[in-house]
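Right, one structure below, let's go through it.
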Amino acid sequence: MKNIRVAFRTLIACGLALALVSVAQAQSQGVAKVIRVKGSARYAVGGGSWEPLKANMIVKPGSVIQTGVEKGSFVDLLLTDSENAPIPALYTGPRGSAGGGSGGAYKPTAEQNVVRLYENTLLGVDKLSSMQTGAELVTDTQLDLKAGKIFGSVKKMNAASKYEVKLPNGVAGIRGTTFEISTAGVLSVLDGQVVLAIVGKDGVVRTKVISAGQSYDPAVDVISALPQSEIIRLENTVNGVQVTVRDTGVPIHVSPDTTIYFVSPTGGSSGSGGGQ
């Protein structure tokens with residue numbers, strides 16, 4: 001009987017080990033591919049020394065990217081599930097020239113996650129992971145905006161996936177959304193929704209849901225409609241940032257995910273529910 005119990009425990013241990021190996025094999029680390037660099041930019045890994053950042057470079061989680069202070073400088077990143085994902089070509093779709101936006105005709109967004117760092121911005125790429133559960137691909141993206149301002153276009157995600165932008169005094173939970181946000185929490189949303197949890201100067205945590213065509217300024221605690229000039233500017237930014245895979249030459253459009261997920265300024269997401 002004792003031998004049977006020992007064999008049973010050994011069998012259980014082996015089964016658990018195999019299960020852990022399967023999970024480890026299913027989970028992978030993503031990367032940020034540098035698509036464009038205008039002006040000066042640099043990056044550092046794990047608190048190491050700064051190195052120049054160039055187009056076509058691969059930036060892994062644990063890195064920090066800093067853009068130059070020169071007006072008009074920027075870095076465009078494509079956040080991918082693995083290093084083997086193809087480097088895309090520049091978007092040349094029908095959204096219009098840089099001279100003007102399409103107003104109400106705007107159609108978001110390509111099925112890729114792209115981020116633009118404006119000038120004088122410091123962004124930590126904390127986590128880019130994905131895990132194939134068998135039924136779906138679950139992703140976890142965590143960025144740390146330490147200074148400056150970023151623009152992002154985020155593809156539609158399933159309910160188990162997470163995309164968060166940490167701020168010095170809060171966190172923004174993103175779902176299938178086109179947005180612009182600064183370290184002060186000034187937020188503009190072109191499509192989709194963003195849930196922002198931010199600590200005000202009075203120490204009070206405010207949770208706001210900012211929807212398509214709206215902006216929010218924590219300094220005055222007001223959600224307002226985006227002026228048409230801002231909509232056009234953001235549309236043109238999408239046109240400049242958006243990318244498409246070389247082998248098809250055709251951007252893929254998806255509907256924005258309007259599911260609301262509440263977030264904590266310290267603990268991140270907790271369930272369903274730009275100046276510098």
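Structure above, values below:
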quantity: In the range 32-47, the residues that are loosely packed, with under 12 Cβ neighbours inside 10 Å and either touching a Ser or Thr at 6+ places or on another chain (Cβ under 9 Å) or among the charged types (D, E, K, R) (or both); calculated: 46
quantity: Residues (in contact with a strand residue (DSSP E or B) (Cβ under 8 Å, 6 or more places away or on another chain), at pLDDT 95 or above and small (Gly, Ala, Ser)) located in the range 185-236; calculated: 185, 188, 197, 211, 212, 213, 215, 224, 225
quantity: Those residues of the range 132-159 which are surrounded by 18 or more Cβ atoms within 10 Å (Cβ to Cβ) and aliphatic (A, V, I, L, M), in sequence order; calculated: 138, 143, 145, 150, 154, 157
quantity: Residue count for the range 31-52, restricted to those that are under 22 Å from residue 129 (Cβ atoms) and part of a loop (DSSP other than H, G, I, E, B); calculated: 3
quantity: Residues within the range 160-172 that are outside any strand (DSSP E or B) and surrounded by 18 or more Cβ atoms within 10 Å (Cβ to Cβ), tallied; calculated: 1
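Each row is one residue, and each column tells you yes or no for (1) touching a Leu at 6+ places or on another chain (Cβ under 9 Å); (2) at pLDDT 90 or above; (3) in a loop (DSSP other than H, G, I, E, B).
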residue: 92; (1), (2), (3): no, no, yes
residue: 99; (1), (2), (3): no, no, yes
residue: 108; (1), (2), (3): yes, no, yes
residue: 116; (1), (2), (3): yes, yes, no
residue: 119; (1), (2), (3): no, yes, yes
residue: 126; (1), (2), (3): yes, yes, no
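The values are calculated or read from the model by the stated rules, or taken from the named source; none is laboratory data. On a predicted model such as this, the values are computed, not experimentally measured, just so you know. No Cβ is skipped: glycine too gets one built from the backbone with ideal geometry, and neighbour counts run over all protein chains shown.
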